[in-house]
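What follows draws every value from the coordinates through simple rules; no lab data is involved. Everything quoted here is computed from the prediction, not taken from an experiment. Virtual Cβ from ideal backbone geometry, glycine too; neighbours counted across all protein chains shown.
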């Protein structure tokens, strides 16, 4: 059901990787303790990136003071951007990507505030830069287990493929057609061609679509390199290799609502299949019910209401003929 990866039209890849050309972009909101741990881990990195951009989604805690206190310890140039309002992860990563791009960064590494970077993480990612321009590393979960991320999506259905192989062969990578802002490592040439992440998602599906857009203009890969560790425990339903994470009522709303945005992106690139996409939406709805039952072990009126509100608002967005995807940063 998934759309084949497009041929890679990239120019010749860079012959070597300069760590100073990389920028780490962190989006944070009211989690200064976690942010401090992440900044400390960046300080332990060898090599370090040239810049660290911290986007603060209008936190009400001491995030700004924490960033100021950590500037010297980080060891890279720190750029702090405090937004006037909470724009969600989508808005934060869009702004962070914009800042990093305008700094002239060749490579941009995106991550949330609830991870730590392993000391050799940047070096491990750099090994793959001569071959790929959209790269996803691996991460350890809070308990030290190997976190599985669904790196392939069925474009027709608009959902991750749950049975994509978790293991790696001797090549050390698997081609992907998705993305995750918890660790996406992307070259500025790709950003220039596909534009900035879309802040209108607020949360959820934003990185899936962005990774898919990247895979249309370059070979994208998840590589067998552990570079991050999650520092926040999330309630899960452990199914062995794969974990089913807990969610929230707000997430449930955006998971369904943002299907309307996804529809526009797929349609703009000739990949929208109405019947199959509707099946994918139904499967997404069912998945959220399972999440309520087996992970959170509750079905509340608020949970139901947010799911149906999401479906209603997705339909309104999908019918909006004035809606347009984010533009490229360069022409051609």
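Listed values, structure above:
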| item | result |
| --- | --- |
| Packing-based order for 124-130, 319-325, using average beta carbon neighbours within 10 Å, highest first | 124-130, 319-325 |
| Span from the region 152-218 Cα centroid across to the region 72-139 one, whole angstrom | 15 Å |
| Residue order, fewest to most surrounding Cβ atoms within 10 angstrom, among 255, 203, 289, 24 | 289, 203, 255, 24 |
| Exposure proxy ranking, count of Cβ atoms within 10 Å, fewest first, for 168, 132, 285, 181 | 168, 285, 181, 132 |
| Value of [θ]222 nm, deg cm²/dmol, for the chain, DSSP H segments ≥ 4, -39500 (n - 2.57) each, nearest 500 | -11000 deg cm²/dmol |
| Relative contact order (%) - the chain, alpha-carbon pairs under 8 angstrom, separation at least six | 21 percent |
| Residues 187, 264 arranged by fewest to most Cβ contacts within 10 Å | 264, 187 |
